[in-house]
1. Out of curiosity, is ARG112 without any contact (Cβ under 8 Å) to a residue 60 or more places away in the chain, outside any helix (DSSP H, G or I) and in contact with a strand residue (DSSP E or B) (Cβ under 8 Å, 6 or more places away or on another chain)?
2. Considering only segment 307-321, I want to know if a residue exists there that is surrounded by 14 or more Cβ atoms within 10 Å (Cβ to Cβ) and in contact with an Asp or Glu (Cβ under 6 Å, 6 or more places away or on another chain).
3. Where in segment 186-287 are the strands (runs of 3 or more DSSP E), entirely inside, with at least 1 residues that are within 16 Å of the ligand (Cβ to nearest atom), at positive phi and not polar (S, T, N, Q)?
4. How about segment 8-26: which of its residues are among the basic types (Lys, Arg) and away from the ligand (no atom under 14 Å from the Cβ)?
5. Does segment 389-398 contain at least one residue that is aromatic (Phe, Trp, Tyr) and either at positive phi or surrounded by fewer than 21 Cβ atoms within 10 Å (Cβ to Cβ) (or both)?
6. Give me a count of the residues in segment 301-334 that are more than 14 Å from LEU160 (Cβ to Cβ) and in a loop (DSSP other than H, G, I, E, B).
7. Here are some conditions: (1) more than 16 Å from the ligand (Cβ to nearest atom); (2) part of a strand (DSSP E or B); (3) of a type in the set (A, V, I, L, M, F, W, C). LEU29 meets all but one. Which one does it not meet?
8. Suppose the filter is within 6 Å of the ligand (Cβ to nearest atom) and assigned to a loop (DSSP other than H, G, I, E, B); does PRO56 pass it?
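Where a number appears in this text, it was derived from the coordinates with a stated rule and is not lab data. Bear in mind that the values here come from a model prediction, so they are computed numbers and not experimental data. All Cβ positions, even for glycine, are placed from backbone atoms using ideal geometry, and neighbour counts span all protein chains on display.
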Amino acid sequence: MKRIVIVGGGLSGLAAAFRIRQAHPSYHLTLLEARPRLGGNIGTDRVDGFTVERGPNGLFDAKPHAIQLCRDLGLADRLIPASEGSRKNRFLFLEGELHRLPGDPLGLLFTRVLSFLGKMRVLSEPFRRRPKSVPEDESIAAFARRRFGKEAADVFIDGLVTGIHAGDPEQLSVAAAFPRLPLFEKEYGSVLKGFIQSAKLRKKAALARGEKPAPQRMWSFREGLQVLIDTLAAKLGDAIRTGVSVNRLSPDGGGWQVHTDAGPHPADLVILTTPADHQAKLLSPWNPRLGELINSIRYAAVNVAVLGYREQDAPIRPDGFGYIAPQNTKRDVLGVQWCSSTFHDRAPPGHVLWRALCGGVNRPDMTTLPDEEFLHRVQHEMMMTMGVTGEPVFSRVVRWPRAIPQYEIGHPKRVAEIMTLAANHPGLILGGNAYRGVAINDCCEQAEEITRRV
Ligand SMILES: Cc1cc2nc3c(=O)[nH]c(=O)nc-3n(C[C@H](O)[C@H](O)[C@H](O)COP(=O)(O)OP(=O)(O)OC[C@H]3O[C@@H](n4cnc5c(N)ncnc54)[C@H](O)[C@@H]3O)c2cc1C
């Protein structure tokens, strides 16, 4: 019987374990998680009637993998969509005001965040040719300037990178962080054409499945994303060991010994899904170059301030998803998610629940402030941006020192080399969000890929 040990009980590890169990029920599977609770970045708390997400707020259906995992776990009926308002109304905070983001290219004509020339530069994108010599790996900022012009790059693309990666658009690789964009340029000669085409394909695929075509949106559960983690845990049962930290690997015949404080676990196959620094620590003794490459993947730190206000103290309560302050504005808060507008019963009646995200690569100083000073700064920002007049009735600080891996220029090449070197070690598979996508969907897609390799 094949013995498989998965290291890390975040979504990557749990989803991979579930998929492997589905495909190979007879294999002996063990999942080792260092912390007492499973889920890694994902977790929901219920406090005084507020439903508080510590990490992700929801999962997107832009790709099918996360929704499919929920279906396969029997959770399809419990999924709830984000509100219609949150799908349509997303904002930027610029020059002291909230500006609604255009929902489509034509909406650009009415936005005040771009000059007339800036708008024309975006709308003429489909007619712009791809230059003959494009660097093998380009930064997101350089790609966006080339396709959409500097104004749009500084506002929209910075906002996008801030919202997803809390990273620096000048440093991040477009091919690694937003692989669809260069693909669209190659395939359709234009990013805008690519989006239009992929929306058409999505519509066609829904009709072919006999479903009503629906726009892309975010999903969660009434009780929060914890439902996904708890259901995976229940399905995996006694394969899971929490509070067990893996501190060393040693090759053993064609497999490995996985060393923990509680003793070794022999494995024919080890699947690592922990953050990059931990994977590097385990592999460096056996392959220093592999360890060095993995260790060079940097992370951005993010602090989440969760705030509950009485409605009367929060006069501006847009029906929307939230706002982003592009990082080049260097504000104390990167963005605010209006959680109780996105999923309606996140706050008790008469209250709102918001989450302010702070830090990222441009403002790491915000993540090291003591709680009191940190909340004071966020609270001040809420007065400026949202017109808040009173103190929150509820607040909590969640710190993620290694929140989001940064796919910097050269990432695709680095990952290719990492995977080639790892392939020289029999019985080793590398996964987790450090390599090929940071979204929940990417972790679920990776679980399917790992299972194929198993
Ligand atoms: C604040 C925040 C907001 C986000 N928002 C969204 C969102 O809205 N939508 C979205 O799609 N994605 C979002 N993400 C990204 C997404 O949550 C993560 O990319 C994903 O959850 C990563 O899962 P993972 O299992 O790869 O890694 P992790 O969640 O980091 O799990 C790794 C696990 O390894 C364990 N581990 C570490 N060391 C050891 C050891 N020595 N032995 C055993 N186990 C160990 C850790 O304890 C952890 O449980 C967000 C992330 C953050 C931080």
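1. Details: without any contact (Cβ under 8 Å) to a residue 60 or more places away in the chain: yes; outside any helix (DSSP H, G or I): yes; in contact with a strand residue (DSSP E or B) (Cβ under 8 Å, 6 or more places away or on another chain): yes.
For ARG112, the condition - without any contact (Cβ under 8 Å) to a residue 60 or more places away in the chain, outside any helix (DSSP H, G or I) and in contact with a strand residue (DSSP E or B) (Cβ under 8 Å, 6 or more places away or on another chain) - is met.
2. First, pick out the residues of segment 307-321 that are surrounded by 14 or more Cβ atoms within 10 Å (Cβ to Cβ): 307-310, 313-314, 317-318, 320-321.
Subset that is in contact with an Asp or Glu (Cβ under 6 Å, 6 or more places away or on another chain): none.
No, segment 307-321 contains no residue that is surrounded by 14 or more Cβ atoms within 10 Å (Cβ to Cβ) and in contact with an Asp or Glu (Cβ under 6 Å, 6 or more places away or on another chain).
3. Filter on segment 186-287 gives 263-267.
4. Step one: filter segment 8-26 for residues among the basic types (Lys, Arg), giving 19, 21.
Within segment 8-26, just ARG21 meets the criteria.
5. Yes, some residue in segment 389-398 is aromatic (Phe, Trp, Tyr) and either at positive phi or surrounded by fewer than 21 Cβ atoms within 10 Å (Cβ to Cβ) (or both).
6. Let us first name the residues in segment 301-334 that are more than 14 Å from LEU160 (Cβ to Cβ), namely 301-320, 329-333.
Okay, now just the ones that are also in a loop (DSSP other than H, G, I, E, B), so 314-320, 330-333.
Matching residues across segment 301-334 total 11.
7. So LEU29 meets the others, but not (1).
8. Values: within 6 Å of the ligand (Cβ to nearest atom): yes; assigned to a loop (DSSP other than H, G, I, E, B): yes.
Judged against the criteria, PRO56 is a match.
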